[in-house]
Amino acid sequence: MHLSEITQAINAAYELLPGRMDSNEARVLLLATGLQESRFEHRRQLGNGPARGFWQFELGTRESKGGVWGVFLHPASAGYLRQLCVARGVTHWPLEIWRAIEHDDVLAAGLARLLIFTDAHKLPAVDDVDGAWQLYRYRCWRPGKPHPQTWPAFHAQARAFVLGAA
């Protein structure tokens, strides 16, 4: 999927979230993370793994608070996730959200933005490749098999698209 197509889903998600969540910094993170996770080609983890949607969310558990459960339970995102689910016609329950994001790119984009919103740190500047990596790798997505060698190029691609589209 081309970045302009996925941006339509991101734009639709932003229409359902508070306006203060929309920024070039957040858009770069969303696009870079989606490129890193799925290249915007796979809505289901390769090898039939547990991750769903272009941002490759796992369901997680109530105890681990990872993945969908993490956004569902986090005080900063829980209410916004409820509103997002109502707007998308999805039952507000982690298993149902996890199932839906495989087919609903708007919900998946909103969920990804809400995960970033739960991070207590200031969003990295659009040109802060390392800061964005820290957010992705250690604070929000925490991938089991990170690929730091691909991040700089994906971040640069996302940054160029966002700044060129701005």
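Enumerate the helices (runs of 4 or more DSSP H) found wholly within the stretch 70-159, keeping only those where 2 or more residues are touching a residue at least 60 places away in the same chain (Cβ under 8 Å) and under 15 Å from the mean Cα position of the chain (by Cα).
Once the helices (runs of 4 or more DSSP H) in the stretch 70-159 are filtered for at least 2 residues that are touching a residue at least 60 places away in the same chain (Cβ under 8 Å) and under 15 Å from the mean Cα position of the chain (by Cα), what remains is 78-88, 105-117.
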Qualifying positions in the stretch 17-57 - among the acidic types (D, E) and in contact with a Phe, Trp or Tyr (Cβ under 8 Å, 6 or more places away or on another chain)
D22, E37
Check off (1) in a loop (DSSP other than H, G, I, E, B); (2) out of contact with any Lys or Arg (no Cβ under 6 Å at 6 or more places or on another chain) for Y14 and give me the number that stays unchecked.
(1)
Residue, surrounded by the fewest Cβ atoms within 10 Å (Cβ to Cβ), within the stretch 41-51, restricted to residues that are part of a loop (DSSP other than H, G, I, E, B) and touching a residue at least 40 places away in the same chain (Cβ under 8 Å)
E41
Checking the condition closer than 16 Å to R52 by Cβ and out of contact with any Ser or Thr (no Cβ under 7 Å at 6 or more places or on another chain), which residue from A160, A100, A132, A153 passes?
A100
Filter the stretch 55-99 down to residues that are of a type in the set (K, R) and over 24 Å from K145 (Cα atoms) and give me whichever is surrounded by the fewest Cβ atoms within 10 Å (Cβ to Cβ).
R82
For the stretch 52-61, check the following and say yes or no: at least one residue is among the basic types (K, R) and not in a helix (DSSP H, G or I).
yes
Enumeration of residues in the stretch 45-90 that are on the phi < 0 side of the Ramachandran plot and among the basic types (K, R):
R52, R62, R82, R88
Residues within the stretch 68-101 that are in contact with a helix residue (DSSP H, G or I) (Cβ under 8 Å, 6 or more places away or on another chain) and within 28 Å of S4 (Cβ to Cβ), tallied:
13
Among (1) of a type outside the set (A, V, I, L, M, F, W, C); (2) modelled with pLDDT of 95 or more; (3) under 19 Å from L135 (Cα atoms), there is one condition G67 misses while meeting the rest; what is its number?
(2)
If we scan the stretch 102-118, do we find a residue that is farther than 21 Å from I6 by Cα and not basic (K, R)?
yes
Give me a count of the residues in the stretch 43-84 that are in contact with a strand residue (DSSP E or B) (Cβ under 9 Å, 6 or more places away or on another chain) and aliphatic (A, V, I, L, M).
4
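The values are calculated or read from the model by the stated rules, or taken from the named source; none is laboratory data. Small disclaimer: the values here were computed from a predicted structure and weren't measured. Counting neighbours? That spans all protein chains shown, and the Cβs are built from the backbone with ideal geometry, glycine included.
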